[in-house]
Amino acid sequence: MPRVGVREIVAVNQVLIKGQLLRYRGGENGFTTRFEKELSAKIGVRHSLTVNSGTSALIAALVGAGIGPGDEVLVPAYTWVATAAAVLAAGAVPVLVEIDETLMMDPQDIERKITPYTRAILPVHMLNLVCDMDAISAIAKKHNLLLIEDACQGVGLSYKGRRVGSIGDVGAFSFNQYKNLNSGEGGAVVTSDDRIFSRALMYHDVGSYTRNHELNSNEPYFAGVNFRVSEVTGAILHAQLPRLDPWVRRMKKRRKIMADVLSRSKAFRVSPHNDPEDGAGLTIVFDRAAEAKSFASKRRGVERLIDTGRHVYTNWIPVMTRRTHNDRLNPYDWAQREIEYSEDTCPRSLDILARTCRVSLGPQFPEIASYAFARMLVRGTA
């Protein structure tokens, strides 16, 4: 994760000295507004909306896109539980899709899971890896489905020259402490669709109808929630944004160094990548789950993916049990057909996750340290 430094401290102090912590008090020259404009330019979209978490960004994106009761949204079996929970928060139901060895949604299984009630595909760029967006975009176009990118774990990454988050109809970012932009908590909705943006803007701020100068559509007003950020968050993000691309480049260099070394091993394979030239995350895959478990248990900086808790669909207890805070608001009762989950819903995903380990790139250390770490992993001494 990128560290908070002097730039962030200076920016936050400016906000505190002025005493205007509400983002709207900053106006056009406020940190949050400037961050949104600069993020839009960097990502290549017309609109960016800063919100208080990646989960909030996903919910606002779904609401902005018009997802609601009766809709099915395809989500991968491997992602943070918030991806599926956000679909439920919008009133729709998640349908689980298998992953392939890239750890991203399997395009072939996407095709198998589409029904007459499918409204959107929600691919997730996990672990600073990227989805096969060519294939997924083609499927979305073929079936006239919305494409909503969960790029919460891929802020700043590119897929074949395009920034993730900008490829679909709308994207969501997270600025949680462990992400490539770090404000502790925070997120953003990014889109070039005016209507989606206007709806997300209204939804994220229940009082946004009093700020109609920010809305560029004739979308009728509707009730929303409060996902706003303070100007303190905006100040941290604005100060940190110039470091995003250097941070990603740093990870890409270390990924190449380590992948070159690890590819010499006969004990495992470097996992396939949907865009190797832009790779900024690294995983390795074994033939057997027991080998992966043994490897991860004896080495620092290595984590077996099946052991990562709520990233694995079988551990999404509220989803698996189809429980919500109020039975009368349960989206599964609004679905057009019975949606069932079990531990066997996505067996191939469980097999892949049991055989795959994430390897830390150590971007905070010199390049030579990444090289040495990779050599130790191959020799089995780490």
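The values are calculated or read from the model by the stated rules, or taken from the named source; none is laboratory data. Fair warning: this is a prediction, and the values are worked out from it, not measured in the lab. All Cβ positions, even for glycine, are placed from backbone atoms using ideal geometry, and neighbour counts span all protein chains on display.
Points to keep in mind about this one:
Let's see how each residue does on (1) of a type outside the set (A, V, I, L, M); (2) modelled with pLDDT under 95; (3) within 30 Å of Gly161 (Cβ to Cβ); (4) in contact with a Ser or Thr (Cβ under 7 Å, 6 or more places away or on another chain):
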{"residue": "Gln20", "(1), (2), (3), (4)": "yes, yes, no, no"}
{"residue": "Glu28", "(1), (2), (3), (4)": "yes, yes, no, no"}
{"residue": "Glu38", "(1), (2), (3), (4)": "yes, no, yes, no"}
{"residue": "Ser48", "(1), (2), (3), (4)": "yes, no, yes, yes"}
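- Of all residues in the range 267-292, those satisfying the criterion of being over 16 Å from Glu101 (Cβ atoms), under 26 Å from the mean Cα position of the chain (by Cα) and either in contact (Cβ under 8 Å) with a residue 24 or more places away in the chain or buried (at least 21 other Cβ atoms within 10 Å of the Cβ) (or both) are Asp278, Ala280.
- For the range 344-354, the criterion of being in contact with a helix residue (DSSP H, G or I) (Cβ under 7 Å, 6 or more places away or on another chain), more than 17 Å from Val285 (Cβ to Cβ) and of a type in the set (Asp, Glu) is satisfied by no residue at all.
- Candidates Ser360, Ser349 - the one that is touching a residue at least 24 places away in the same chain (Cβ under 8 Å), under 19 Å from Lys252 (Cβ atoms) and hydroxyl-bearing (Ser, Thr, Tyr): Ser360
- Test: residue in the range 235-242 that is hydrophobic (A, V, I, L, M, F, W, C), part of a helix (DSSP H, G or I) and surrounded by fewer than 20 Cβ atoms within 10 Å (Cβ to Cβ): yes
- Selected residue (criterion: surrounded by the fewest Cβ atoms within 10 Å (Cβ to Cβ)) from residues of the range 333-363 that are touching a strand residue (DSSP E or B) at 6+ places or on another chain (Cβ under 6 Å) and among the hydroxyl-bearing types (Ser, Thr, Tyr): Thr345
- Only one entry in Val302, Val319, Val312 is surrounded by 15 or more Cβ atoms within 10 Å (Cβ to Cβ), hydrophobic (A, V, I, L, M, F, W, C), outside the structural domain of Ala82 (by TED's automatic domain parsing) and touching a Cys at 6+ places or on another chain (Cβ under 7 Å), namely Val302.
- Residue within the range 298-306 that is small (Gly, Ala, Ser) and modelled with pLDDT of 95 or more present: no
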